[in-house]
Amino acid sequence: MAGRKKIGILTGGGDCPGLNAVIRAVTKGLILQSGAEVYGFLDGFLGLIEKRYRKLEYRDVGGILTLGGTILGTSNRANPFKHFDADNADVSDEVIDYVSLLGLDGIVAIGGDGTMSIASGLQDKGLNFVGVPKTIDNDLVGTDRTFGFDTAVGIATEAIDRLHSTARSHRRVMILETMGRYAGWIALHSGIASGSDIILIPEVEFDIDEVIAVCKRREQTGQKYTIIAAAEGAKPIGGELVVRETVETSPDPIRLGGVSNYIAEEIKRNFAGEVRTTILGHVQRGGTPSAFDRVLATGFGSYAAALVVGDRWGQMVAFRNNRFAHVPMDMVANKTRRVPRNSPVLEAAVSVGTSFGIKNLDAWSGDVNSEEEIPFERLAHVI
Ligand code: F6P
């Protein structure tokens, strides 16, 4: 057993099913593996900036495995590099001094690419971090999966299943808009799982005439309704992203949303049938994590604890080739993992006749191959 450690933990960025499961696994793992003291910073990096934390005992993290959200609170705006003191200096050095005053060996940061970028920046300045990949978007490089994605796909799939009732009864075109930022993973997986007729994802710009042609073809062949799964980051050929809001202080200021309304209006121009849209929004992030995400989050948390015990700082926990592993955090920061043209899941959708809103997928506008290979390592004694 390594020496007794004092460790901070925080959850950054948007909330996500499985955050509490990770907090539980990291805290229990650290206490059991090394008798560590664990301190939870409140509201993500804001708690670090404002010096707000609470001690987490073993019993404090009991009964939270199935809870949605985060018991520590989070913020997707707080960033020590963009938060300035009275002298107009950013507070990153202040934060580092504070952590050293508390006597912490390092911090486990659970978050998406914004969190990993901040953690990586602070790690470069000497503050130790281990990262845990969280996001419903599944868009972090270096890991095949993030926790939260499976739950979001389940919720979106159920929503589309339910839209089938109205679509069939009223002979309508029904569009379900998913989240996912600049990656189409949620729309792709929920679109396939629900048997959607058209899937629109950011990785391939769609041709609205082809979308309309699919709706018309289905009518002509007796299938009187069409289901479209559209990612919030989908855009027409040569068109723009639909931005809902801009949050200047956030690590990722752009908030997407509303493209389904645009798609509906465009379809109506040249299609006589009725068209309706549903924007699923934050429902996708709410509630209890799926069983898969509970297992993944527990595996991630326990692996993160092992990295901390082994003083393997500056690493992000990953899930690679069905096993837990770790990748250098600085190789993950500020990058997005998008659906590649050679995705087997995408191929499966194509092979069952799903349209991606263009006649010919050779006109694919995104990455052709899988993500760039980021080296990973495994700890011998874990999982
Ligand atoms: O990254 C998770 C996510 O839910 C995205 O899918 C979505 O674009 C964004 O966060 C929404 O952010 P907010 O909660 O600030 O509206």
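For LEU102, what accessible area in Å² do you get when you roll a 1.4 Å probe over the heavy atoms of the protein chains, rounding to the nearest 10?
Probe radius 1.4 Å; accessible area of LEU102 about 40 Å².
Leaving ligands, DNA and RNA out of it, report the carbon-plus-sulfur percent of the accessible area of the range 1-131 at a 1.4 Å probe.
Numbers: 2360 of 4970 Å².
About 47 percent, which is the carbon plus sulfur part of the accessible surface.
Note the angle between two axes, namely the Cα long axis of helix 149-170 and the longest principal axis of the Cα atoms of the chain, as a number of degrees from 0 to 90, rounded to the nearest 10.
20
Place a +1 charge on the Cβ of each Lys and Arg in the chain and a -1 charge on the Cβ of each Asp and Glu, then give the dipole magnitude about the Cα centre in debye, rounded to the nearest 20. Can you show the working numbers first?
Details: 41 positive and 47 negative charges, 266 e Å.
The calculated dipole for the chain is roughly 1280 debye.
Just the number, please: carbon plus sulfur as a percent of the accessible area of the range 158-242, 1.4 Å probe, no ligands or DNA/RNA counted. Let's see the in-between values first.
Values: 1420 of 3110 Å².
Answer for the range 158-242 is 46 percent, counting heavy atoms of protein chains only.
To the nearest 10 degrees, how steep is helix 259-269 against the longest Cα principal axis of the chain, on a 0 to 90 scale?
10
Accessible area of SER302, 1.4 Å probe, to the nearest 10 Å²?
Approximately 30 Å² for this residue.
Considering only C-alpha atoms, what is the centroid distance from the range 1-52 to the range 262-276, in Å?
Answer, in whole Å: 48.
If I compute solvent accessible area with a 1.4 Å probe over the protein chains, what percent of it on the range 251-383 is carbon and sulfur?
On the way: 3300 of 6400 Å².
In the range 251-383, the share of accessible area belonging to carbon and sulfur is 51 percent.
Just reorder VAL345, VAL247 by solvent-accessible area, largest first, 1.4 Å probe, all chains present.
Putting VAL345, VAL247 in descending order of accessible area: VAL345, VAL247.
Build a GNM of the chain with springs between Cα atoms under 10 Å: which of LEU101, LEU163, LEU200 gets the top mean-square fluctuation?
LEU101
What order do HIS83, HIS326, HIS170, HIS164 take when sorted by accessible area (1.4 Å probe), most exposed first?
Values: HIS83 70, HIS326 0, HIS170 100, HIS164 25 Å².
Highest to lowest solvent-accessible surface, that is HIS170, HIS83, HIS164, HIS326.
For a quick check, take a GNM of the chain with Cα springs below 10 Å and name the residue from LEU307, LEU361, LEU46 with the largest mean-square fluctuation.
LEU361
Leaving out ligands, DNA and RNA but keeping every protein chain, what accessible area does GLU94 have, in Å² rounded to the nearest 10, with a 1.4 Å probe?
Rounded to the nearest 10, that gives 80 Å².
Note down the magnitude of the dipole of the range 61-176 about its Cα centre, charges +1 on Lys and Arg C-beta and -1 on Asp and Glu C-beta and zero elsewhere, to the nearest 20 debye.
The dipole of the range 61-176 has a size of about 960 debye.
Classify the range 1-83: rounded, prolate or oblate, from the alpha-carbon gyration tensor (a ≥ b ≥ c, eigenvalue square roots; a/c under 1.5 rounded; otherwise prolate if a/b is larger than b/c)?
Numbers: a/c = 2.39, a/b = 1.34, b/c = 1.79.
Oblate is the answer for the range 1-83, as a/c is 1.5 or above yet b/c matches or exceeds a/b.
Checking the cross-link filter: which lysines have an alpha carbon closer than 16 Å to that of LYS55, excluding same-chain neighbours under 8 positions apart?
Partners within reach: LYS5, LYS6, LYS28.
Could you give the semi-axes, largest first, of the ellipsoid that matches the chain, computed as the square roots of 5 times the alpha carbon gyration tensor eigenvalues and rounded to whole Å?
Numbers: eigenvalues 334, 83, 67 Å².
Semi-axes from the Cα gyration tensor: 41, 20, 18 Å.
More than 19 angstrom separation, counting every C-alpha pair in the range 156-252; what % is that?
Numbers: 2077 of 4656 pairs.
Percent of Cα pairs beyond 19 Å in the range 156-252: 45.
Where does helix 113-124 land angle-wise versus the long Cα axis of the chain, in degrees 0 to 90, nearest 10?
30
How large is ³J(HN,Hα) for each residue in the range 233-241, as worked out from phi by the Karplus curve 6.51 cos²θ - 1.76 cosθ + 1.60 (θ = phi - 60°), to whole Hz, x for Gly and Pro?
x, 5, 8, x, 3, x, x, 10, 5
Near LYS359, which lysines are there with a Cα under 28 Å away, not counting those fewer than 8 places off in the same chain?
LYS216, LYS224, LYS235, LYS268
Please report, to one decimal in angstroms, the Kirkwood hydrodynamic radius of the range 283-354 built from all distinct Cα-Cα pairs. Don't skip to the end; give the middle numbers.
On the way: mean 1/r = 0.0665 Å⁻¹.
That comes to 15.0 Å for the range 283-354.
Accessible area, 1.4 Å probe, largest first: how do TRP313, TRP185 sort?
On the way: TRP313 40, TRP185 20 Å².
Descending order: TRP313, TRP185.
Post the alpha-carbon centroid distance, the range 187-250 to the range 109-175, in whole angstrom.
Using only Cα atoms to place each centre, the spacing works out to 18 Å.
Under 10 °C and 1.306 mPa s, how fast does the range 92-223 diffuse according to Stokes-Einstein, given a Kirkwood radius computed over C-alpha pairs? Answer in µm²/s, whole number.
On the way: Rh = 17.8 Å.
My calculation gives 89 µm²/s for D.
For the chain, modelled as a GNM with alpha-carbon contacts under 10 angstrom, which of THR226, THR249, THR74 fluctuates the most?
THR249
Give me the accessible area per residue for the range 1-159, probe 1.4 Å, as a whole number in Å². If you can, show how the numbers build up before the last one.
Numbers: 5440 Å² over 159 residues.
In whole numbers, the range 1-159 has 34 Å² accessible per residue.
Along the positive direction of the dipole of the chain (beta-carbon charges: Lys, Arg +1; Asp, Glu -1; about the Cα centre), which of LEU32, ALA231, GLY106 reaches farthest?
LEU32
The values are calculated or read from the model by the stated rules, or taken from the named source; none is laboratory data. This is a predicted model, so every value here is computed, not measured. Positions of Cβ are generated from backbone atoms using ideal geometry, with glycine treated the same way; all protein chains shown enter the neighbour counts. Each accessible area value is taken on the protein alone, full model and side chains, heavy atoms only, with ligands, DNA and RNA left out. Shrake-Rupley method; radii C 1.70, N 1.55, O 1.52, S 1.80 Å.
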